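Everything below concerns the one structure shown next.
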Amino acid sequence: MSTLTTEDLLAGASITHRVAVPTELVPGAMPEASHDVVLRPLILADVMRLHRAAGDDGELASALMVQQAMVEPTLTLDQVHSLPAGLVEFLLGEINRISGLSLGGDDLTDAVHAPLARACFVLSREFGWSPDRCAELTVGQVLLYLEMLARGHRP
């Protein structure tokens, strides 16, 4: 059993994921063609920024999540708002999956308040990381580090 390094854990935030979009979610798409997008995981800084920007507006938070996570093609916020609702729902599910989130849009707002700030404080204290370094982690990575600390694994 080997222990992951800091670099191993931080690398997950920079990996992109090619995701096949179901044909039925792409208006006017050819059934035999591939319909892929490239997504990146949201890092803690993204989630915190989205929460500040969207406040209690769940629809805006969802649109911002899609806009921030889309690598290819890039979309403006207005373009995201123009996407079919089913496509946005599918993309959100994929973004949550690759980001290590298992929360729905409304749950995300509740979850990012104090718990993530506390998590950053704990990780900063235990690993000696700056707030900027903590903010680069995906939510899944934050949860992994917290679990490691809970099980007694110390740096």
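Computed from the coordinates by the stated procedures, all read-outs in this text should not be read as laboratory data. Every value quoted in this text rests on a predicted model; they were computed, and no experiment measured them.
Overall, the anisotropy analysis places region 1-91 in the oblate class: the square-rooted eigenvalues a ≥ b ≥ c of its C-alpha gyration tensor yield a/c not less than 1.5, with a/b not exceeding b/c.
Once you have the Cα-Cα distance between A150 and A45, take 0.36 nm times their residue separation minus that, and quote the gain in nm to one decimal. If you can, show how the numbers build up before the last one.
Working: separation 105, 0.36 × 105 = 37.80 nm, distance 2.30 nm.
Extra length available between A150 and A45 comes to 35.5 nm.
Whole-percent P(r), region 1-47, all Cα pairs, 5 Å bins from 0: 5, 17, 16, 15, 12, 12, 10, 7, 4, 1.
Relative contact order for region 4-106: 27 percent, from Cα pairs under 8 Å spaced at least 6 residues apart, divided by residue count.
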